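Before any comments, here is the structure.
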Amino acid sequence: MTFQEKLEALARLTVRVGNNVQPGQRLYVRAPLETAPFVRLVTRAAYEAGAKLVDVYWVDDFVTLERLRHADPSTLSEVAEGQYRAREDAAEHGDAFLSISASDPGMFETADGERLATIMRAVGARARPSLEAFGSGKVNWSIVAYSVPSWARRVFPGLDEDTAVAKLWEAIFTISRADQPDPVAAWTTHLDALEARRDLLNAQRLTALEFKAPGTDLRIQLPELHRWEGGSSRTVHGVRYVPNIPTEEVFTAPHRAGVNGTVRASKPLSYAGKIIEGIEMEFKDGRVTHARAATHEDALHRLLDTDEGAARLGEVALVASSSPVAKSGLLFQETLYDENAACHIAQGRAYQYTLQDGNDMTKEEFVASGGNDSQVHVDWMIGSDDMNVDGILPDGSRMPVLRDGEWAFQP
Ligand code: ZN
Ligand code: ZN
């Protein structure tokens, strides 16, 4: 396959598998300027799938950087409305929404932390209604990544720019299965396998998970109503879609008051344009009591201080070391990819649908059932080849879930 054929295949599978755009739907796209060639292919594929309208919101990190450097500090809480209105419109009308990720993971490495935090807080608050609508199944949304020089140079620091971009594309195509003879069929097989594991875990009604690895000894209680998710999701309108391309995880909600022990990151976290390395945390009764990092510890503390729920967990996800992302051996410094290489946990908000009937609960009911609420949801990676995970069954016995990073049960 030529590069162009693979890019077209990626665009088609984004539209057909990721969003699964339905005839008569609008597709909203949030896209960095550099991704225009791909956005045009996505647009073509969406109209071929019967989309009523494709509408694109162009964004640019360099514009944000200018603002960070030069805007009057008192103006940094202003939020550009367009893409948030589009998200709300999509939720109201049951449309599709695609976000294309193509950023330098260290874009804001040297930016002033306080100025950046002000922007992040304002954007977080403004984005919240639409994130909640996405989290409760009103929109068939998806995220896919695009290789750009600034990102590729971080993944392949020793290589010249063109080679790095090409190598990152090869990794994206392989991991996304876009280079397979029939990518859509390959995705069906993959999703069936993930969903079989998800269904088996749901049938066990585990009460807790125990994670053990060097630096990690963590017990995560699961809410009684917890529901494992993974593979495809379904909107309230019945559309099957895949929120992340790639996706290799099965995940659920931890109990917001039931996390205890110590945990060490297995990969750096790219958060708010800063690369936070060497994270270690201690939890007591669901809350972080100590948090350290080798770099940008201040950014980590800002994240945890966002609100009450930011220092608690909203997601626990299982990923085997045999996932194509893990097998690539690459560190992408991009959560969309790295979270599919390793088990991870997320600070902040839990997805409503990771509790049974969670979409129908009020915020208070959700929290009372053990679900966590926050403005943020930030995944960080804890899994490795050295990780063992046990599930605790209702009778107190143990079920091996992962051994040395690999699945220890067969569906
Ligand atoms: Zn996850
Ligand atoms: Zn997550």
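Here are a few things to note about the model shown:
- Computed over protein heavy atoms with a 1.4 Å probe, the carbon and sulfur contribution to the accessible area of the stretch 195-244 reaches 47%.
- Within the stretch 258-281, backbone nitrogen closer than 14 Å to the virtual label 7 Å beyond the Cα of ARG219 toward Cβ: 258-262
- Over the chain, accessible surface divided per residue gives 40 Å², non-protein components excluded, 1.4 Å probe.
- Highest GNM mean-square fluctuation among LEU27, LEU313, LEU393, for the chain modelled with Cα contacts below 10 Å: LEU393.
- Under a Gaussian network description of the chain, with springs only between Cα atoms under 10 Å, the residue in SER142, SER397, SER384 that fluctuates furthest is SER397.
- Paramagnetic reach from LEU53 in the stretch 81-107 [backbone N under 17 Å; point 7 Å along Cα→Cβ]: 82-98
- The chain shape via C-alpha gyration tensor axes, a/c threshold 1.5: rounded
- Nonpolar atom fraction for the stretch 1-154, defined as the carbon and sulfur part of the 1.4 Å probe accessible area, stands at 52 percent.
- Three-way shape call for the stretch 128-271 based on the alpha-carbon gyration tensor, with the a/c threshold at 1.5: oblate
- Cut-off under 5 Å, modelled amide H: who pairs with ALA272 long-range: none
- Cα centre as origin, Lys/Arg/Asp/Glu Cβ charges: the chain dipole, Debye: 520
- The 3J(HN,Hα) values that the Karplus relation (6.51, -1.76, 1.60; θ = phi - 60°) gives for the stretch 276-290 are, in residue order, 9, 10, x, 6, 9, 9, 10, 10, 9, 6, x, 10, 5, 9, 9 Hz. Gly and Pro appear as x.
- Annotation for ASP357 and LEU200: the two label points, set 7 Å from Cα along the Cα-Cβ direction, are 3.0 nm apart.
- Full-stretch length increase - GLU170, ASP386 - with 0.36 nm per residue and alpha-carbon distance subtracted: 75.0 nm
- Tensor-based shape of the stretch 36-168 (alpha-carbon gyration tensor, a/c under 1.5 rounded, otherwise prolate or oblate): oblate
- VAL123 versus VAL184: modelled label distance in nm, points set 7 Å from Cα along the beta carbon direction: 3.4
- Calculated mean residue ellipticity, 222 nm, the chain: -10000 deg cm²/dmol, from DSSP H runs (n ≥ 4) at -39500 (n - 2.57) each, averaged per residue and rounded to 500.
- Our coupling estimate for the stretch 182-192, obtained by passing each phi through the Karplus curve with A = 6.51, B = -1.76, C = 1.60 and θ = phi - 60°, is 10, x, 5, 5, 4, 5, 4, 4, 4, 5, 4 Hz, Gly and Pro reported as x.
- Most positive-pole-ward Cα, THR289, PRO73, GLN410, against dipole of the chain from beta carbon charges: GLN410
- Of ALA341, ALA311, ALA166, the one that fluctuates the most in a GNM where the chain has Cα springs shorter than 10 Å: ALA166
The values are calculated or read from the model by the stated rules, or taken from the named source; none is laboratory data. The shown structure was predicted, so the numbers you read here are calculated from the model rather than taken from an experiment. Backbone-built Cβ (ideal geometry, glycine too); neighbour counts: all protein chains shown. Heavy atoms of the whole protein, side chains included, go into the accessibility calculation; ligands, DNA and RNA do not. Shrake-Rupley method; radii C 1.70, N 1.55, O 1.52, S 1.80 Å.
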